[in-house]
Structures are given as C-alpha cells and as structure tokens.
Ligand SMILES: C[S@@+](CC[C@H](N)C(=O)[O-])C[C@H]1O[C@@H](n2cnc3c(N)ncnc32)[C@H](O)[C@@H]1O
C-alpha cells in the first residue's frame, strides 16, 4: 500500500472475502434501505444539527442521502448509476470506484462539507480517501461518517468485521488522525440500538488549508 501510515494496521486488515472488482458487486440496482427508519432519521437529525446545508458531497452514495432538507448543492459519488439517478436530492452524480482510484474527481476547496453514510467499512485505501476529502473541502469544512451494525460482509474489510461497534468508531477516528489534515475527531453514539438499528457517527473538521499539516 502506498501511504506510510498503513504500517499501523495489522496485515490483512484491509482484505475482503470478495476481492473481485467492486463494479461487479455493485452492478445490480439496490433501491433498498440499508438501515431502518429510525437510523435514517438519526442521520438526518445529525446533518441538521451540524447545519450541513451548503455545497455538499455525499460519498459512497445511493438513492437516498438522508438529509431532512436538501442542501444547496448535493454531489453524489457512488458505484451504481441507476441508484444515483434515482436520488431525489442530487444535483450532480459521479460513478467512481474509490478502491480502484482513491482520488476525488473535484478541484481543491470545492465543498463546504462531505458526508459518507453506511459505507466507510468498504474502503480499502481509506487514508488516501480521507486525505483527498480534506483537499476538496473548504476551510472549516467537516467530513461526517455514519454507520450502523449492518454491512455487505463479503465487501467489508476484515478489520471492520473483527471489531465491536465501539472499536469501529476508533477505526474511523484513526483514519482521520493518520491521514492528517484534520482536527481531533468526534465519536458519537447517536442511537444506542436494540429495538431499532444503532447509529454511530465520527466526524472532524479540516485543518485551515489542505497544505497545513496536523501536529497530532
Ligand atoms: C450500504 S450502501 C450505502 C449507501 C448510502 N450511502 C446509504 O446510506 O444508503 C454502500 C454504498 O457504498 C458504495 N460503494 C461501495 N464500494 C465503493 C467504492 N469502491 N467506491 C465508491 N463507492 C462505493 C456503493 O455504491 C453503495 O451505494
């Protein structure tokens, strides 16, 4: 792997049971809810609480982005064009495989905030992706990752599958810390789960500019 900080992860951490091209797995159109109504509402509440309303990128997106109110501009990046086209909140869609190419097809300082729902566990090169998210964010922008306790197990990385829900928050926080360019992340249990799906969130604010190095 390219990024030097991957030495912090055990060998095999980013392996998956299904190492075939992601385009094969995501070719069927899945117009389904990946979490229940309560967790979806929880994501929307978090976005509203954080006031994510401007120029926004929804990374690893599908047909629903969970915003209570559609942001001024919402770009989607995902694997399945039909799913992205079905998203009523989208203003722009891009089909792009982040495991094949972890760089984002937008210029520097392009978005106010970036979100990623129920998907961070599929990234095999998260440090490069988190680094590039920092690049496309404007100063003060946040990257908000949410997840529950469900996944496509053959496509999730082994390190994620082996971790408890609370350790998964630490995994995402570690991506922020090791990729640099981020203030200390917030880890939050939004819905404890039980009757409904649990909902966890990890987010951080980008440092002043994409050239500024984190001292952590
Ligand atoms: C469980 S779904 C979540 C979809 C949506 N964010 C939501 O909350 O309903 C996982 C999503 O990750 C996207 N994804 C998976 N692997 C990807 C990759 N290598 N590059 C970009 N997107 C990917 C897929 O397109 C899929 O929509």
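Laboratory data are not the source of any read-out in this text; all were calculated from the coordinates shown. Small disclaimer: the values here were computed from a predicted structure and weren't measured. Quick reminder, even Gly has a Cβ in these numbers, built from the backbone with ideal geometry, and neighbours come from all protein chains shown.
Classify the stretch 39-79 as rounded, prolate or oblate from the Cα gyration tensor: take a ≥ b ≥ c as the square roots of its eigenvalues, call it rounded if a/c is under 1.5, otherwise prolate when a/b beats b/c and oblate if not.
oblate
Please build a GNM for the chain, connecting alpha carbons under 10 Å apart, and tell me which residue among 175, 47, 26 fluctuates the most.
Between 175, 47, 26, it is 26 that shows the largest mean-square fluctuation.
Volume per residue, Å³, of the convex hull around the alpha-carbon atoms of the stretch 84-153?
Given the Cα convex hull of the stretch 84-153, per-residue volume reads 114 Å³.
Calculate the FRET efficiency for residue 24 and residue 110 from the Cβ-Cβ distance with a Förster distance of 30 Å, rounded to the nearest 0.05.
That gives a FRET efficiency of 0.50.
So how compact is the chain: Cα radius of gyration and Dmax in angstrom?
Using the Cα atoms of the chain, the pair Rg, Dmax is 15.9, 45 Å.
Of the listed peptides 194-200, 60-66, 75-81, what is their order by residue-averaged count of other C-beta atoms within 10 Å, with the highest listed first?
The peptides rank, most packed first, as 60-66, 75-81, 194-200.
Using 0.36 nm per residue, how much length does the chain from residue 37 to residue 158 gain when fully extended, once their Cα-Cα distance is taken away?
40.8 nm
What is the spin-label model distance, in nm, from residue 70 to residue 96 if the labels are put 7 Å beyond Cα along the C-beta direction?
Reported label-point gap for residue 70 and residue 96 is 2.2 nm.
Using a Gaussian network model of the chain whose springs link C-alpha atoms within less than 10 Å, name the residue from 54, 169, 141 with the highest mean-square fluctuation.
54
Calculate, for residue 17 and residue 138, the FRET efficiency according to 1/(1 + (r/R0)^6) with r their C-beta to C-beta distance and R0 41 Å; round to the nearest 0.05.
Approximately 0.60, to the nearest 0.05.
Test of understanding: what is the full-extension gain from residue 45 to residue 167, defined as 0.36 nm times their sequence separation minus their Cα-Cα distance?
Extra length available between residue 45 and residue 167 comes to 41.6 nm.
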